Amino acid sequence: MVPYLEVQHLTKSFGALTLFRDICFSIAEGQKVGLIAKNGTGKSTLLSILSGKEGYDSGDIVFRRDLKVGMLEQSPAFDPEESVLDACFNHQGEEEKVLKAKQVLTQLKIRDLTQKMGQLSGGQQKRVALANVLLTEPDLLILDEPTNHLDLQMIEWLENYLARGNKTLLMVTHDRFFLDRVCSVILELDDQTIYTYRGNYSYYLEKRQERIDNKRAEIARANNLYRTELEWMRRMPQARGHKAKYREDAFYELERVARQRLEERQLRLKASNVYIGSKIFECQYISKTFGQMRNEKGEMRNEPVVILKDFYYNFSRFEKMGIVGNNGTGKSTFIKMLLGIEPIDEGRIIIGETVRFGYFSQEGLQFDEQQKVIDVIRDIAEYVDLGSGRKMSASQLLQFFLFTPDQQYNYVYKLSGGERRKLYLCTVLMRNPNFLVLDEPTNDLDIVTLQILEEYLQDFPGCVIVVSHDRYFMDKVVDHLLVFKGQGEIKDFPGNYTQYREWKAMADSSDSGNSRNPGCSGGAQAPQGDKSRRRDGSVQKRKLSFKEKREMELLERDIEALEAERHQIEEALCGGTTSVEKITAMSKRLPLLKEELDEKSMRWLELSENEQ
């Protein structure tokens, strides 16, 4: 493969903080490379260095001669007076380029090419910037969080677009589905060093665990030998010969290895002191319509935009709901109505007396830049009561979300964008809510923090509503979906996002077959929960046959056993004591297990909807 980029012994520091030291990697033609690192460790800085917008301390960056590089920044800047088309490229009346621009921008829901950039939202500007990079057709694409501000439909389009052909790219993204389906190489920036994994995200997870296990074993061996060598150092006289001097030098290298620490979390944060009553909230036939709004061309229109129409829903205790849908269908408006931020037109929302909301919004919290990180949290509370006599201090909560003791006493203005989002999340959790409402919580968070948040929400003993375009995150956290389709149409689906996509694919295929053959009947039926009901509250159900009841009993038994096996495997993979051979076997078993579990769960859902 033709080398496009070679990074040799690159080092970058900000004052006393070293982001990375002496790192080396290369990108060849046709490779699709994902860059993974914790917030604040230098991902965006590295991309800026490669694009020539940031300097570095030492090392070499070698591009192939005449290589054309396209860069998508996290927060692109435009002239507010230029048009969308001019922001993409100087088209100079070339019809082919204009046609191509329209096609790409339409996929990204930008349809008015004459609209001024200053009239677009931040998310729309990011999508224009993405279109700009794609349209210029560079040899090497460098993308910083390309899926931010994209809805699921756009993400899947971009996924397919980048996966096709011989495109070469380097990108930072937290979207693990995206990494898995697009990338062929993963670079991990960890502890100031770059590690290369030649495979997709699933392969990276397996090999990263092997690396950690091997490192842990190396440190354990060094510690055992260190005790012996330390005793020798104490016994030896000061006047040493050549061999003794060689052994002394080896001792100091051994000491360095033995004192290494792997900052791997071994514990999950589980709160048992969260109480919520049986009455949560009930939406009683609520409606919401906006009058004058911009249409897809950016023009003002007088016809109403329906967000909700005669919507009924009774939220269950301990329910974990996901809300998905294209941009502009009313997802954020719905949760703002629930929280009393946005008024409703008709109907009413009844909230239980014990409910204490914790709201994580897209806009985020405005911090005092001169305040220290720890003081931001201590201003809310000194500790959180976890129940059973356990307490977690402000500092412990921050450390749980990967703020080191040094970072906790840094000023807010020193934090990266992802670290600010993480700090905002900590302010929400520190208030000890029993009902979490999270609007796009995954934007700008690193993958390690997402894994921590997923575990926290899985163990959370209260209620959760999540609005997110992160498919992997939704599958991990939610057990129920509201799918916003636009103009007040909402689909109530009892399952996670992958199960919904599988059902929708079957339904679309069935509808397509029926349209070709009018004589066909049936088709895939969506599993409808008893919460989507008519105004009179009636629900039509048929009685299960004896065979179906028996099948349902067996499915429940199988699902329970599969869930237990999955939990056992996940615990073993996170435990740090499993052998490499067993980790490999478990990593192969886990996706098969999940596939079987999803299949049986879908069948159980179909049967349960007809149970009387």
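Structure data summary
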quantity	calculated
Rounded, prolate or oblate (a/c below 1.5 giving rounded, otherwise prolate when a/b exceeds b/c) for segment 7-48 by Cα gyration tensor	oblate
Per residue, the convex hull volume that the Cα atoms of segment 348-453 enclose (Å³)	122
Mean-position separation - Cα centroids, segment 22-54 and segment 354-388, in angstrom	32
Cα gyration tensor category, rounded, prolate or oblate, for segment 115-231 with a/c compared to 1.5	prolate
log₁₀ of I(q)/I(0) at q = 0.14 Å⁻¹ - segment 6-80, Debye sum with one point per alpha carbon	-0.51
Segments 590-601, 413-424 sorted - mean Cβ within 10 Å per residue, highest first	413-424, 590-601
All lysines inside 18 Å of Lys167 as judged from Cα atoms, apart from same-chain residues fewer than 8 positions distant	Lys32, Lys68, Lys100
Segment 34-190: relative contact order in percent, alpha carbon pairs under 8 Å with at least 6 residues between	36
Percent RCO, i.e. relative contact order, over segment 130-225, from Cα pairs under 8 Å lying at least 6 residues apart	20
In order through segment 329-336: 3J(HN,Hα) via Karplus (6.51 cos²θ - 1.76 cosθ + 1.60), integer Hz, x for Gly, Pro	8, x, 4, 5, 4, 4, 6, 5
Solvent accessible area, Å² - Arg501, 1.4 Å probe, full protein context	90
Cβ-Cβ FRET estimate between Lys68 and Arg181, R0 fixed at 25 Å, reported to 0.05	0.45
Under 5 Å, built H, 5+ apart or other chain: amide partners of Ala28	Tyr4
Of Lys102/Lys126; Lys102/Lys504; Lys279/Lys600; Lys372/Lys422, those spanning more than 22 Å from alpha-carbon to alpha-carbon	Lys102/Lys504; Lys279/Lys600
Cα gyration tensor category, rounded, prolate or oblate, for segment 146-188 with a/c compared to 1.5	oblate
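The values are calculated or read from the model by the stated rules, or taken from the named source; none is laboratory data. Source: prediction; values computed, not measured. Cβ coordinates were reconstructed from backbone atoms using ideal geometry, including for glycine residues, and neighbour counts include every protein chain displayed. The accessibility values were calculated without ligands, DNA or RNA, using every heavy atom of the protein model including side chains. Shrake-Rupley method; radii C 1.70, N 1.55, O 1.52, S 1.80 Å.
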